[in-house]
Amino acid sequence: MFAIENWFLLNNLSKEAKTEIINSFSQPKHYKKGETIYSDKAFSKAIGVVLNGSAAAHGENVLKKNFYEGDTFGAAALFGNESPYISRITAKTDCEILFVDEKELRFLFEQHPEASINYISFLSERVRLLNRKISLFTCKGATMKLYKYLTDNTDENNTVKIVNMTSLARLTSIGRTSLYRAMEELTESGVIERNGSTIKIK
């Protein structure tokens, strides 16, 4: 269970301020495994925080991102003119989501400017990561093939455990030379972080 006082939006706020803000939030919503949370036809003008369980975003039948406890979605689509939500988010497991709508956020930003800086920093990092991912489309086929395998096999911590490069080459049907090159390109682009046999997807 994610402790909401540790949410990035509340960074650098006093304990008293955090308590006041948390008490003002609406009650979390519960979703059953497989249930739709957001779609292009049904979505809230709010950001969602996964408090318990996990969810996944899909677009054009492709897995775009997994969301685990503490992860946030919907931030980029909150402000501005209303338009269809570009992803379908479904519950991977039974989950609990806290939604904070635009009105609540505006009030939070007015009362605590530090929170608005936290929000901008979060969005800025998302843009940088998106740019790095877009650059992958110019990479060779092995790089995209490896990235898809890794993202399809993440655990609840957004990590993948590999035995060794030989077994990974067999699992992905990528030659070892191409596999090493693809791993290097993904690491240098910043979309993955490798620590021995553990690979974390950003």
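The values are calculated or read from the model by the stated rules, or taken from the named source; none is laboratory data. Computed from a prediction, not measured in an experiment: that's the story for all the values here. Using ideal geometry, Cβ is built from the backbone for each residue, glycine included, and neighbour counts are taken over all protein chains shown. SASA here: full protein model, heavy atoms, side chains in, ligands and nucleic acids out. Shrake-Rupley method; radii C 1.70, N 1.55, O 1.52, S 1.80 Å.
Computed quantities for the displayed model
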quantity	calculated
Restricting the stretch 28-44 to residues that are open to solvent by less than 60 Å² (accessible area, probe 1.4 Å) and either modelled with pLDDT of 80 or more or among the polar types (S, T, N, Q) (or both), the residue that is farthest from Arg88 (Cα to Cα)	Pro28
Listing of strands (runs of 3 or more DSSP E) fully contained in the stretch 1-120 that carry 3 or more residues being without any contact (Cβ under 8 Å) to a residue 40 or more places away in the chain	55-59, 62-67
Options Thr138, Thr154, Thr143; residue that is surrounded by 13 or more Cβ atoms within 10 Å (Cβ to Cβ), modelled with pLDDT under 90 and outside any helix (DSSP H, G or I)	Thr154
Val62 vs. criteria within 24 Å of Leu150 (Cα to Cα), of a type in the set (Val, Ile, Thr) and at pLDDT 95 or above	no
Residue within the stretch 45-65 that is out of contact with any Phe, Trp or Tyr (no Cβ under 6 Å at 6 or more places or on another chain), of a type in the set (Ser, Thr, Tyr) and on the phi < 0 side of the Ramachandran plot present	no
Flag for Thr177 being open to solvent by less than 90 Å² (accessible area, probe 1.4 Å) and β-branched (Val, Ile, Thr)	no
Complete set of residues in the stretch 180-196 that are open to solvent by 50 Å² or more (accessible area, probe 1.4 Å) and touching a Leu at 6+ places or on another chain (Cβ under 9 Å)	Glu185, Arg194
Of all residues in the stretch 157-174 being part of a helix (DSSP H, G or I) and hydrophobic (A, V, I, L, M, F, W, C), the one that is surrounded by the fewest Cβ atoms within 10 Å (Cβ to Cβ)	Leu171
